[in-house]
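Readers should treat all values here as calculations from the given coordinates under stated rules, not as data from a laboratory. Remember, predicted model here, so these are calculated numbers, not experimental data. Every residue, glycine among them, receives a Cβ derived from its backbone with ideal geometry; neighbour counts consider all protein chains shown.
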Amino acid sequence: MWSGRFQQATDALVRAYGESISFDWRLYAHDIEGSIAHAGALLAAGLLTGEEYSQIEAGLRGIGDEIARGEFVFKQELEDIHMNIEAALTQRIGPAGAKLHTARSRNDQVALDLRLYLRAQIAEITQALHGLQRALVDLGARHAEVVMPGYTHLQRAQPVLFAHHLLAYVEMLDRDAGRLADAARRLDVLPLGSGAIAGSTVVLDRQIVASKLRFSKLSENSMDAVSDRDFACEFLAAAAVVGMHLSRLSEDVILWATSEFHFLTLSDAFTTGSSLMPQKKNPDVAELTRGKTGRLYGNLFRLLTTLKGLPMTYNRDLQEDKEAVFDSVDTLKAALAVFAAMLAEARVEVADMARATADPLLLATDLADYLVLRGVPFRQAHEVIGKLVALTLERKTGFAELSMDDYRAASAAFGEDVYAVLDVRRSLESRQGVGAPSFDNVRARLEHWQNALQEPSPS
Ligand code: ARG
């Protein structure tokens with residue numbers, strides 16, 4: 001592609017070191033889409049005849065089909081996907097193919113391809129996020145009345161609904177989808193037309209290209225456009241946050257699947273055994289997901305570090321952007337899909353959750369609230385209930401076993417109706433504030449998400 005100036009061929013070591021075709025072939029469909037749009041602008045400028053445009057379009061589509069069928073032979077000496085496709089095109093259609101790269105550089109071409117790729121992937125990942133949200137909502141809806149202990153510091157705190165716990169993740173994943181949508185909005189800018197650095201003396205109508213490729217804006221600075229990768233950083237940052245959420249969910253699943261908790265039993269199909277210990281059933285999917293969060297964080301730092309300190313404008317370092325992006329895309333899609341499938345088959349151990357929720361101490365705060373409603377200042381109520389907690393621990397009983405005398409000795413504000421407070425369902429029923437887990441609130445929120453996440457009807 002640059003034999004004009006050079007008297008020596010590229011050394012084989014450099015060729016192998018510098019090639020990107022082994023991974024950037026994945027951009028082929030977008031490269032072709034971009035090239036056809038670019039040819040449209042060349043046609044409009046009178047730089048291609050209608051006949052040449054048609055040859056280019058048909059040639060590119062043929063190459064695309066061949067790549068899709070796995071029949072195209074990529075050449076390492078052609079370095080990347082852009083030159084592989086262009087060379088094949090020229091070989092097939094001759095002179096018209098050689099005109100395609102007019103007023104274009106691989107610098108604006110690769111910036112375009114990566115944007116097109118990410119736009120498509122963000123749409124797919126958003127669907128996958130919805131899929132996991134649906135799995136969480138379904139699991140919650142199938143157990144809408146199931147109560148469990150809520151934890152802080154991993155110590156039993158207050159009763160919650162199992163569905164409320166699951167819906168917490170649905171909210172997180174919703175914000176994740178919002179972050180991806182933000183990234184998609186900012187990458188909605190056409191870089192093509194920026195050339196290598198300074199546009200071109202051959203002026204094309206960039207709006208034609210933008211319309212064909214459905215970009216709403218044109219980049220306004222050619223130097224920025226060929227070197228900007230912050231759109232990719234934003235994607236990787238959003239992906240890292242998804243990973244953090246998936247990792248927390250993984251940790252819950254791993255804990256719940258222990259014999260100690262035994263809140264959830266994963267299906268055989270989504271667990272593995274041990275080659276040594278016959279009894280083992282391991283939550284590998286959740287562990288792998290927790291582990292893969294490292295890749296998602298790493299990919300963000302990998303790209304940020306590559307970009308830092310780069311002088312303007314395109315530098316070959318930028319070729320290192322793609323594998324980080326591909327890896328985060330692949331990791332996220334796989335994790336979201338397998339997690340949703342795993343949850344669909346998980347069995348909720350309702351009896352064990354009920355047993356854990358029977359811990360009387362979960363209602364200690366409710367007792368303090370009882371006193372508050374009878375005019376005792378909260379700090380004082382806290383102290384009174386703390387003493388009763390100590391008493392039950394000493395006697396190895398629960399609040400229900402304390403006598404009226406015990407209660408009255410602790411505070412004169414207690415009446416016979418205190419025993420009615422010692423009911424988990426009633427406790428939850430009273431948690432009616434917005435965002436709190438009363439049965440009605442949680443049911444309404446489940447319904448909200450069921451509607452919001454309805455699969456788009458196949459048209
Ligand atoms: N393979 C290159 C990349 O991925 C394409 C752009 C190369 N541009 C250049 N001037 N060498 O970044």
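Restricting segment 365-423 to residues that are hydroxyl-bearing (Ser, Thr, Tyr) and under 25 Å from residue 152 (Cα atoms), the residue that is surrounded by the most Cβ atoms within 10 Å (Cβ to Cβ) is 370. Taking the conditions exactly as written (of a type in the set (Val, Ile, Thr) and exposed (fewer than 13 other Cβ atoms within 10 Å of the Cβ)), does residue 241 satisfy them or not? Answer is no for this residue. Filtering segment 219-248 to residues that are part of a helix (DSSP H, G or I) and either under 21 Å from residue 198 (Cα atoms) or aromatic (Phe, Trp, Tyr) (or both) leaves 222, 223, 224, 225, 226, 227, 230, 231, 235. Criterion first (away from the ligand (no atom under 16 Å from the Cβ) and either farther than 23 Å from residue 200 by Cα or not polar (S, T, N, Q) (or both)) does residue 13 satisfy it? Yes: the conditions hold for residue 13.
Conditions (1) more than 30 Å from residue 318 (Cα to Cα); (2) over 23 Å from the mean Cα position of the chain (by Cα); (3) surrounded by 15 or more Cβ atoms within 10 Å (Cβ to Cβ); (4) not hydroxyl-bearing (Ser, Thr, Tyr), marked per residue:
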| site | (1), (2), (3), (4) |
| --- | --- |
| 154 | yes, yes, no, yes |
| 161 | yes, yes, yes, yes |
| 167 | yes, no, yes, yes |
| 183 | no, no, yes, yes |
| 192 | no, yes, yes, yes |
| 214 | no, yes, no, yes |
| 219 | no, yes, yes, no |
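All conditions but one from (1) in contact (Cβ under 8 Å) with a residue 24 or more places away in the chain; (2) charged (D, E, K, R); (3) surrounded by fewer than 18 Cβ atoms within 10 Å (Cβ to Cβ) apply to residue 65; the one that does not is (1).
Only residues that are in a helix (DSSP H, G or I) and within 16 Å of the ligand (Cβ to nearest atom) were counted across segment 35-83, and they come to 8. Every condition in (1) under 34 Å from the mean Cα position of the chain (by Cα); (2) more than 16 Å from the ligand (Cβ to nearest atom) is met by residue 90 except one, and the failing one is (1). The C-beta contact set for segment 70-87 (first residue touching a residue at least 40 places away in the same chain (Cβ under 8 Å), second residue within 10 Å of the ligand (Cβ to nearest atom) and among the polar types (S, T, N, Q), distance under 9 angstrom, 6+ apart or interchain) comprises 79/20; 80/20; 80/319; 81/20; 82/109. For segment 117-134, state whether one or more residues are crowded, with 20+ Cβ neighbours inside 10 Å, within 16 Å of the ligand (Cβ to nearest atom) and touching a residue at least 60 places away in the same chain (Cβ under 8 Å). Checking segment 117-134: at least one residue is crowded, with 20+ Cβ neighbours inside 10 Å, within 16 Å of the ligand (Cβ to nearest atom) and touching a residue at least 60 places away in the same chain (Cβ under 8 Å).
Applying the condition of being exposed (fewer than 15 other Cβ atoms within 10 Å of the Cβ) and closer than 30 Å to residue 109 by Cα to segment 283-314 and asking which residue is nearest to the ligand (Cβ to nearest atom) yields 310.
A search for C-beta distances below 6 Å between a residue of segment 17-32 that is within 8 Å of the ligand (Cβ to nearest atom) and any residue that is not acidic (Asp, Glu), counting only pairs 6+ apart in sequence or on different chains, returns 20/319; 24/81; 24/322. Counting only residues that are closer than 27 Å to residue 245 by Cα, buried (at least 19 other Cβ atoms within 10 Å of the Cβ) and within 10 Å of the ligand (Cβ to nearest atom), segment 315-333 holds 2 of them.
One residue alone among 317, 352 is free of Cβ contacts under 8 Å to residues at least 60 places away in the same chain and at negative phi, and that residue is 317.
Picking from 28, 17, which residue would you name as being surrounded by 15 or more Cβ atoms within 10 Å (Cβ to Cβ) and either closer than 23 Å to residue 235 by Cβ or among the aromatic types (Phe, Trp, Tyr) (or both)? First the steps, then the outcome.
On the way: 17 fails: surrounded by 15 or more Cβ atoms within 10 Å (Cβ to Cβ).
Result: 28 is the single residue among 28, 17 that is surrounded by 15 or more Cβ atoms within 10 Å (Cβ to Cβ) and either closer than 23 Å to residue 235 by Cβ or among the aromatic types (Phe, Trp, Tyr) (or both).
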